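Any read-out appearing in this document is the output of simple, stated calculations on the displayed coordinates, not a laboratory observation. Keep in mind it's a predicted model, so treat the numbers as computed, not measured. Cβ atoms come from the backbone with ideal geometry, glycine included; neighbour counts cover every protein chain shown.
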């Protein structure tokens, strides 16, 4: 059964064309021509990207080279909570199996990059390095292996959920007091509301910078890995 053709998201498409345009400027290649019709909501195939590139004067081989470069950087993923990037990850496909020495060097890179010793585990063809919510999983594929890096800002998630729990309890107290016709004791209601809002704010403010830094670290790890394992 043939594998589904790779489709690129809007963000990946923009990155490919940016890289392809830079390659064209450097190489001073002649433009091709072409036309295509795509459904942007479903993403675009490499052939469709090449056709669009031809329409704006970017040679198809440069689009292919840019797409290959994107593949070597891996696919980024984001898990959101209330619109915030509470979890991030990156997956890269390798065209062969890493040797024991290459895996050991990868572990060293992980420890140095994240400043964490982590724990190692091997289960048959599966290998992993974990440090709390931070994980690196090396898994077999039909053509080699894939590396999956992922992490979650667990402490911020706990702060935000705790803050909403306090606000919910505060709202319950307000409703209960209103039902009993009581209007005194507003101080505790205000204090709980302020505490809940503060916890949500403290958790939310820490997430964007963390997510950006983790994504950069993961991209750097993947770049170093593919640089040393790709001929």
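Sorted fewest first by neighbouring Cβ atoms within 10 angstrom, 107, 88 come out as 107, 88. Listed by Cβ neighbour count within 10 Å, with the fewest neighbours leading, 141, 45 appear as 141, 45. Stokes-Einstein diffusion for region 155-206, with the hydrodynamic radius set to the Kirkwood value over Cα pairs and evaluated at 4 °C in a medium of 1.567 mPa s, equals 114 µm²/s. Ordering 214, 148 from the fewest to the most neighbouring beta carbons within 10 Å gives 148, 214. Put simply, region 72-189 fits an ellipsoid with semi-axes of 47, 14, 11 Å; these come from the alpha carbon gyration tensor as the roots of five times its eigenvalues, largest first. Quick check on region 128-190: take the gyration tensor over C-alpha atoms, sort the square-rooted eigenvalues as a ≥ b ≥ c, and tell me if it's rounded (a/c under 1.5), prolate or oblate. Taking the square roots of the gyration eigenvalues as a ≥ b ≥ c, region 128-190 is prolate.
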